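Asks: Right, I'll just put the structure down here and ask away after.
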Amino acid sequence: MARPKVSIIGAGAVGTATAHWLAQKSIADIVLTDIIEGLPEGKALDIQQAGPIAGFDVRLTGTSRGYEDTAGSAVIVITAGIPRKPGMTREQLIDTNAGILRHVIDQVVPRSRNGVFIILTNPLDAMTYLAYKVSGLPRERILGQSGALDTTRFRTFLATELGVSVSDVDAMVIGAHTDKDMVPLASLANVRGIPVRTMLPPERLEAVVARTRRGGAEITELMKQSGFTAAGAALVEMIEAVLLDRRRVIPCSVYLDGEYGQRDICIGVPVIVGAGGVERILDAPLTDAERQAFTASVAVVREMLASLKL
Ligand code: APR
């Protein structure tokens, strides 16, 4: 049987990191596309040529000539878009990226009707919602990558603070995918079941939460460019969960239809991710403060959705 195909739309920083991490898993052939002529072709060749050393023999195809090569993909990752530039309002970013996303969805969905779509383009929750509305696909097959990245940052900072392996730290970030509005669930964070709040004084736990919120901004300030390596790894965590039907529990932005008391919105919540995309949305027990923070997060996303011209 042929290997499944994963298409990555947008061969920029995150798209390339995703292809790189994914190739090493040897679980899918990879198609990388972009509108910049030569860019995806070159990136695909560059990664392919690491195969003999890294030990993978999956096929990488780069193309800037349309979307034919994406046909029949099991998973389609959309990173195409522009980052927010200095002086640009959030509404302007929404307008520009919504235009790009609509075009991409129009092109890729008819070619991969049975695929699972993972959105990365910002503002994430608004773009995931747009993809759901425009694609006409069942909500199970549209996921936004938000919590996977925020969560890996939260786990990293907790492990550093506690002096334990990241492998033994479990935690989750839900809510909107923005610095101010994400909701790191400190009450549920644990080390092999031991609640983190019994291991760290409140102010140190609060400092870890604050650093998690600024996880992306800290990197951007340092290197004057958004992070991409962890974002690629986060996408591959989701891709692998789908391709191997792993039923991983990953917070993702998904369309809510009554879960968490919300309807007609995409926002980060814990999801069982498997072959069908969203297999189930899990109900996490939140403290009053976390529930309030989640409600505030919902309000922020609803404001963004209002500026989508649907
Ligand atoms: N089709 C395909 N690719 C496109 C399109 C399009 N219509 N429009 C833009 N692109 C490509 C750009 O040419 C660029 O190579 O998307 C790529 C985005 O890559 P980067 O600018 O390097 O951005 P990256 O850091 O990878 O972030 C990806 O995440 O933060 C969000 O909204 C932001 O869209 C950005 C995404």
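Laboratory data are not the source of any read-out in this text; all were calculated from the coordinates shown. Since we're looking at a predicted model, the values are computed, not measured. All Cβ positions, glycine included, derive from the backbone under ideal geometry; neighbour counts span all protein chains shown.
Asks: For D245, which sequence-distant residues (separation of 5 or more, or a different chain) have an amide H within less than 5 Å of its own amide H, given hydrogens modelled in the peptide plane?
Replies: For D245, the qualifying residues are A275.
Asks: Projecting each Cα onto the charge dipole of the chain (Lys/Arg +1, Asp/Glu -1 at the beta carbon, about the Cα centre), which of S146, V109, G10 comes out farthest on the positive side?
Replies: Of the listed residues, the answer is V109.
Asks: In whole angstrom, note down how far apart the Cα centers of the range 139-195 and the range 232-291 are.
Replies: The distance from the Cα centre of the range 139-195 to that of the range 232-291 comes to 13 Å.
Asks: Step through the residues of the range 33-38 one at a time and calculate ³J(HN,Hα) from phi using the Karplus curve (6.51 cos²θ - 1.76 cosθ + 1.60, θ = phi - 60°), rounding each to whole Hz and writing x for Gly and Pro.
Replies: Listing the rounded values in order: 10, 7, 8, 7, 4, x Hz.
Asks: Right, something else. Please check: in the Gaussian network model of the chain (C-alpha springs, under 10 Å), which one of G144, G175, G163 has the largest mean-square fluctuation.
Replies: Top of the fluctuation ranking is G163.
Asks: Also: Under a 5 Å amide H to amide H cut-off, with H placed in plane at 1.01 Å, what residues pair with I265 once short-range neighbours are removed?
Replies: When sequence neighbours closer than 5 places are left aside, the close amide H contacts are L256.
Asks: Further question on the same structure: Calculate the dipole size of the chain relative to its Cα centre from +1 charges on Lys and Arg beta carbons and -1 charges on Asp and Glu beta carbons; express the result in debye to the nearest 20.
Replies: 160
Asks: Provide the gained length on full extension for the span D168 to R65, in nm with one decimal, where the gain is 0.36 nm per separating residue minus the Cα-Cα distance.
Replies: 32.6 nm
Asks: What FRET efficiency comes out for the pair H103/A50, r = Cβ-Cβ distance, R0 = 35 Å, nearest 0.05?
Replies: 0.65
Asks: Continuing with this model, one more query. Kindly provide the helix-only [θ] at 222 nm of the chain, computed as the sum of -39,500 (n - 2.57) over DSSP H runs of four or more divided by all residues, to the nearest 500 deg cm²/dmol?
Replies: Only helices count here, giving -13000 deg cm²/dmol.
Asks: Now, a different point. Sticking with the crude label model, points 7 Å out along Cα→Cβ, report the distance from A299 to M88 in nm, one decimal please.
Replies: For the pair A299/M88, the computed spacing is 2.8 nm.
Asks: Checking the cross-link filter: which aspartates and glutamates have an alpha carbon closer than 13 Å to that of K180, excluding same-chain neighbours under 8 positions apart?
Replies: Reachable aspartates and glutamates: D150.
Asks: Would you please give the residues with an amide H less than 5 Å from that of A176, counting only those at least 5 places away or on a separate chain, with H modeled from the backbone geometry?
Replies: V183, G268
Asks: Sticking with this one: Helix check for the chain. Which DSSP H runs span at least 24 Å along their own axis by Cα, with a mean Kyte-Doolittle hydropathy no less than -1.0?
Replies: 90-108, 288-306
Asks: Starting at the first residue of the range 165-182, write each ³J(HN,Hα) from the Karplus equation 6.51 cos²θ - 1.76 cosθ + 1.60 with θ = phi - 60°, in whole Hz, x for Gly and Pro.
Replies: Calculated HN-Hα couplings, in order: 5, 4, 5, 9, 9, 10, 6, 8, 10, 10, x, 5, 8, 9, 3, 6, 9, 5 Hz.
Asks: Work from the charge dipole of the range 147-306 (Cβ charges, +1 for Lys and Arg, -1 for Asp and Glu, about the Cα centre) and give the residue of A233, I272, A293 farthest towards its positive end.
Replies: Going by the Cα projections, it comes out as A233.
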